[in-house]
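The structure appears right after this line, and notes come after that.
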């Protein structure tokens, strides 16, 4: 019998209520046409968006997790509209999700909406228990293991 996360880990018998990944509001994401997609300078332009105000919650205790996020992409025909991106990122604030899952979910949502040539998402997690983690996912780049 497989235990749920809240039964697998003990958090001093405490947990703060939180939502699951189904609460992530990817439908908020909007794009606008990129007029320079077929020009020599425009075809290689990279857009880098960062924030250090990202929060989600631990998927077994409900305690807040804090991170900085970098989204770097080379657009094709569409660019992400930043206001909608901010609302999308805010929808994670009470979602219990592992960072390793979060970075992949975010990459899938953003790629689905704007269909970039390439995209990289990096999540730099603030220390928890003295450990910091940086998690990166990529789309449209050859990925090789060392």
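Rundown of residues vs (1) under 16 Å from residue 78 (Cβ atoms); (2) out of contact with any helix residue (DSSP H, G or I) (no Cβ under 9 Å at 6 or more places or on another chain); (3) crowded, with 16+ Cβ neighbours inside 10 Å, yes/no style:
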| residue | (1), (2), (3) |
| --- | --- |
| 22 | no, yes, no |
| 32 | yes, yes, no |
| 35 | yes, no, no |
| 42 | yes, yes, no |
| 52 | no, yes, no |
_Wholly enclosed strands (runs of 3 or more DSSP E) of region 44-140 bearing at least 1 residues closer than 16 Å to residue 25 by Cα and in contact (Cβ under 8 Å) with a residue 12 or more places away in the chain_ = 47-57, 78-80
*residue 73 fails exactly one of the following numbered conditions: (1) over 10 Å from the mean Cα position of the chain (by Cα); (2) modelled with pLDDT of 95 or more; (3) surrounded by fewer than 19 Cβ atoms within 10 Å (Cβ to Cβ). What is the number of that condition?*
(3)
*Would you say residue 46 is within 20 Å of residue 134 (Cβ to Cβ), modelled with pLDDT under 95 and surrounded by fewer than 16 Cβ atoms within 10 Å (Cβ to Cβ)?*
no
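The values are calculated or read from the model by the stated rules, or taken from the named source; none is laboratory data. Keep in mind it's a predicted model, so treat the numbers as computed, not measured. Ideal geometry is used to build each Cβ from the backbone, glycine not excepted, and the neighbour counts take in all protein chains shown.
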